[in-house]
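Here the structure is laid out as structure tokens; the discussion comes afterwards.
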Amino acid sequence: MAGDDVVVRLQGVRKAFNPGLPSEVEVLHGIDLQLRRGEFCAVVGPSGSGKSTLLNLIGLLDRPTAGTLAVCGQDTTHMDDAALTHLRGRSIGFVFQYHHLIGAFTALENVMMPMLGDAGFPTRAMRERALELLGRVGLNHRCDNLATHLSGGEQQRVAVARALAMRPAVLLADEPTGNLDTRSAEVVFGLLRDVNREQGTAVLFVTHNPALAARCDRTLEVVDGLVNPQAAVAG
């Protein structure tokens, strides 16, 4: 693949909490990582190893203490908060273990939220895009139901649809199947895999499920704040 297929690049990335204080703790110790367009990459490792911290950095929810992070070819090192927010909204989708839907909003309104945040006002095209995505996840018949009236599996499928609303280049999934039964987990994993294959969306999929990790293209093992290079191989 050509170098411009790299959608996420980390070089020497470190992350410390309370830097410069006696209580300083470094969680990530110099991560070098590339994620290319169309890759579906599992991220595994014990609790507390730094997996979620790594995803928060890649998702531009936090900043590295040292090193460089580029998303879609843009170096984020010197970006201000507004620029980071813009890049995140346009380029990165998130699916977490807990769906984080707005309970007082319908499924349709929840899927429209990223588009509303970007444009500032609703349009017919946004509604049509949201309906298309809800149909894709098998929930067009539930579009007018409040999020609180959906099952756990349905809520997570709405969260997947919301994450895809802006056609992101990168999708970050942090234990998205961790709270689901086996059938619902399979549906959510299958949706992410389909989008990855059909649209070329790069996916980082944090999981403690070895069976799901084995079905990804590549597995990265995070141990004690480092990526184990021996585990960064095809699954």
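The numbers here are math on the coordinates, done by the rules we state, and not lab data. Quick caveat: nothing in here was measured; it's all calculated off a predicted structure.
Numerical summary
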quantity: Antiparallel bridge percentage (DSSP; both residues within the chain; nearest 5); calculated: 55
quantity: Interchain or long-range residues, amide H under 5 Å from R215's placed H; calculated: none
quantity: Rg in Å to one decimal, and Dmax rounded to a whole Å, for the chain via C-alpha atoms; calculated: 17.7, 55
quantity: Using alpha carbons only: equivalent-ellipsoid semi-axes of region 1-125, gyration tensor based, whole Å; calculated: 28, 19, 16
quantity: Over region 129-184, equivalent-ellipsoid semi-axes from the Cα gyration tensor in Å; calculated: 17, 17, 9
quantity: Within the chain, helix-based [θ] at 222 nm, where runs of 4 or more DSSP H residues each add -39,500 (n - 2.57), nearest 500; calculated: -10500 deg cm²/dmol
quantity: Whole-Hz couplings from phi, Karplus 6.51/-1.76/1.60, listed for region 29-46; x for Gly and Pro; calculated: 10, x, 8, 10, 7, 10, 10, 9, 3, x, 7, 10, 10, 7, 10, 10, x, x
